[in-house]
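The values are calculated or read from the model by the stated rules, or taken from the named source; none is laboratory data. Because the structure is a prediction, the values reported are computed rather than measured. Ideal geometry is used to build each Cβ from the backbone, glycine not excepted, and the neighbour counts take in all protein chains shown. The accessibility values were calculated without ligands, DNA or RNA, using every heavy atom of the protein model including side chains. Shrake-Rupley method; radii C 1.70, N 1.55, O 1.52, S 1.80 Å.
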Amino acid sequence: MTVATSRPASARPEPAGVDNRLVVGGTPLTWRALPTPALPDPAAVLAHTAGHALAAARQHATHGTELLLSTASRVDAAMRAELLDAGFTVALVGDDGVHPSAPTRPRAAEPGRLWLLTSGSTGRPKRVGHTLDTLTTVRGDQPDRTWLCPYAPGTYAWWQVVTLSLTQSGQHLVVVEPDELDDWPAVAAAHGVDAASGTPTFWRRTLYRDSAALARVPLRQITLGGEPVDQAILDQLREVFPAARLSWIYASSEVGASIVVHDGRAGFPVEWLGRKTPGRPTITVHGDELVVTSPYHGAGLAGPIHTGDRVQLIDGRVLITGRLDSDEINVGGSKVSAGVVRGVLTGHPAVAWARVTGRRAPVLGAMVVADVVLTPTAAPVPDEAALVRWCAERLPEYAVPRRIRVLTEIPVKETLKSDV
Amino acid sequence: MNELSRAQIRDLMDQVLKNQDKELPDDDSAQLREIGFRSLDFSELALRVEDETGEELNFDAPGLRRIATVSDVLDFLVELQQQ
């Protein structure tokens, strides 16, 4: 068996954003100036750096080779074997070239197919089939922007920023490697970043670490997604950037981008439920679950998709509070939404971040407990009792977390999400 | 296992009540109902014991018996650590 390493002749015009500016590892260049690796077809590319991932994306955009893009750390031995079995050549791509492992069951490539590995928040990562078109969310003309890309290569969120820069001129990109994440405001300010997309955890962490450095980034567009968004984080960002547009996007590998809200309020208007507009997703609620029927969902998915996300209708807004399978805590027969409790805790002026879970307890079966990170400037510093009292004033008795552990740092995963 | 003494558990019980602006009386025969120590408080106390000892308590083993006084709570949690 041989591994195909030659690239097919380009059958596509260069994408519209090919001359957009990229900053990779602090070095400015353009999409056009990226090296063009000779990738197998189909290939599962495990990129060594963000630069290698961008090069593979550009290669796909111009040649349409079947591509799954990820990093080595997101693909364990079992997944690697699964990919080889599914006909992919698994290719490690770094400065020293392309290192391919041949598929165990070779097959013909599917032209134009892009594969995503889901974040794994629903369990084991799985493959979802897309194309560059179904991954492209922003189609209308946009003001010129320089975007920050803090996401792990190959994730849905990463593709959102990358497709924007690839398909529209004037959409420049500053890429942050994982080891630069803590200092991204300095990198962003140095390269004129004026638009950034991140998870609420990413934004909370940045505000927590150095809000003064964040304020020096001339942001005009702030986007949040990937996790439940509460009013507290929106308000904190609004305080630092009063003139910026604050956008919340609900999107996933499975259903694509489905809800976009710009009014700075948590959730979306209840009037949007059931609204049918040609070419746009339809959002409904079944029981407590968000259900999306989208024209941008992954290959093989059709009709209404049960998202597994839990919703609550409060004051005319539909709030997404967390995953159905992990959001609900049963305290002695009373149901508690971890997301609602988390919202109350992060609403405390001294709390920068909170994680709420259930813990096995006598008599009640489970009890609500929480981990929090306090803001560095909190004064006075609340103790556990003060936080319990804060919650007790806002929640039913059974929903009040009684054990609240204070952590010194906001935990974050490679997906920029925390365990919520 | 780092077992807590009856006195240490009593201190934790005092803390649970203090967080709610309640007081633990000196007399261990005090009725839980009278001091407002309820199932949520008992669960919280058990979790505090677990956190202090670093060990999970095995609530299933002895079954939860009738607990009516401060003394009952303390005796029960001392016994539970020994299961």
Picking from B:Q82, B:Q20, B:T69, whose Cα lies most toward the positive end of the charge dipole for chain B (charges on Cβ: Lys, Arg +1; Asp, Glu -1)?
B:T69
Using a 1.4 Å probe on the protein heavy atoms only, what accessible surface does A:Y296 show? Give it in Å² to the nearest 10.
60
Do any residues of the stretch B:6-47 lose at least 30 Å² of accessible area when the full set of protein chains is present rather than just their chain alone, and if so which, with a 1.4 Å probe?
B:N19, B:R38, B:S39, B:L40, B:S43, B:E44, B:L47
Please report, as a whole percent, how much of the solvent-accessible surface of chain A comes from carbon and sulfur atoms (probe radius 1.4 Å).
54
Using unit Cβ charges (K, R positive; D, E negative) and no other charged atoms, how large, in debye to the nearest 20, is the dipole of chain A about its Cα centre?
520
Could you work out the relative contact order of the stretch A:248-337, using alpha carbon pairs under 8 angstrom and six or more residues apart, expressed as a whole percent?
22
In the structure displayed, which of A:K126/A:K417; A:K413/B:K18; A:K417/B:K18; A:K126/A:K413 lie more than 29 Å apart, Cα to Cα?
A:K413/B:K18; A:K417/B:K18
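Under the rule a/c < 1.5 gives rounded, and otherwise a/b versus b/c splits prolate from oblate, where does chain B land using the Cα gyration tensor?
Taking the square roots of the gyration eigenvalues as a ≥ b ≥ c, chain B is prolate.
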Would you mind telling me the share, in percent, of accessible area of the stretch B:1-59 contributed by carbon and sulfur at probe 1.4 angstrom?
39
Ignoring ligands, DNA and RNA, what accessible area per residue does the stretch A:56-150 give at 1.4 Å, in Å²?
41
Averaged per residue, what accessible surface does the stretch A:280-334 expose to a 1.4 Å probe, in Å²?
45
Comparing each residue of the stretch A:390-413 in the complete protein assembly with the chain by itself (heavy atoms, probe 1.4 Å, ligands and nucleic acids ignored), those losing at least 10 Å² of accessible area are A:E397, A:Y398, A:R402, A:R403
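Hey, got the dipole for chain B? About the Cα centre, +1 on K and R Cβ, -1 on D and E Cβ, debye to the nearest 20?
Rounded to the nearest 20 debye, it is 280 debye.
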Relative contact order, percent, of chain A when contacts are C-alpha pairs under 8 Å separated by at least 6 residues?
11
Write down the percent of antiparallel bridges among all DSSP beta bridges whose residues are both part of the protein assembly as shown, to the nearest 5.
60
Taking the full set of protein chains and a 1.4 angstrom probe, give the accessible area of A:I249 in square angstrom, rounded to the nearest 10.
50
Long-range amide H partners of A:C149, meaning residues 5 or more apart or on another chain whose placed amide H is closer than 5 Å, are A:V174, A:V175, A:V176
Return a whole-number percent for the relative contact order of the stretch A:300-381, with Cα pairs under 8 Å and 6 or more residues apart as the contact set.
21
About the Cα centre, charge dipole magnitude for the stretch A:343-420 (Lys/Arg +1, Asp/Glu -1 at Cβ), debye
220
Going by the alpha-carbon gyration tensor, a ≥ b ≥ c the square roots of its eigenvalues, is the protein assembly as shown rounded (a/c under 1.5) or, if a/c is not under 1.5, prolate (a/b greater than b/c) versus oblate?
prolate
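In Å², nearest 100, what accessible area do chains B and A bury in total when the solvent probe is 1.4 Å? Write down the numbers at each step before the final one.
On the way: alone 5140 and 18060 Å², together 21450 Å².
So the total buried area for this chain pair works out to about 1800 Å².
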For n ≥ 4 DSSP H runs only, could you compute -39500 (n - 2.57) per run for the protein assembly as shown, divide by its residues and tell me the 222 nm figure to the nearest 500?
-8000 deg cm²/dmol
Comparing the chain by itself with all protein chains present, which residues of the stretch A:355-382 are at least 50 Å² less accessible (probe 1.4 Å)?
A:R359, A:R360, A:P362, A:V363, A:M367
FRET efficiency for A:A16 and B:R33 from the Cβ-Cβ distance with R0 = 51 Å, rounded to 0.05, comes out at 0.10
What are the ³J(HN,Hα) couplings of the stretch A:131-144, residue after residue, when phi is run through the Karplus curve with 6.51, -1.76, 1.60 and θ = phi - 60°? Round to Hz, x for glycine and proline.
10, 4, 5, 6, 8, 7, 9, 8, 10, x, 4, 10, x, 4
Leaving out ligands and nucleic acids, and using a 1.4 Å probe, what accessible area per residue does chain B come to in Å²?
52
Pick out, from A:A50, A:V193, A:T293, the residue whose Cα sits farthest towards the positive end of the charge dipole of the protein assembly as shown, with +1 on the Cβ of Lys and Arg and -1 on the Cβ of Asp and Glu.
A:T293
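Does the stretch A:149-250 come out rounded, prolate or oblate by the C-alpha gyration tensor, with a ≥ b ≥ c the root eigenvalues, rounded set by a/c under 1.5 and, if not, prolate when a/b is larger than b/c and oblate if not?
rounded
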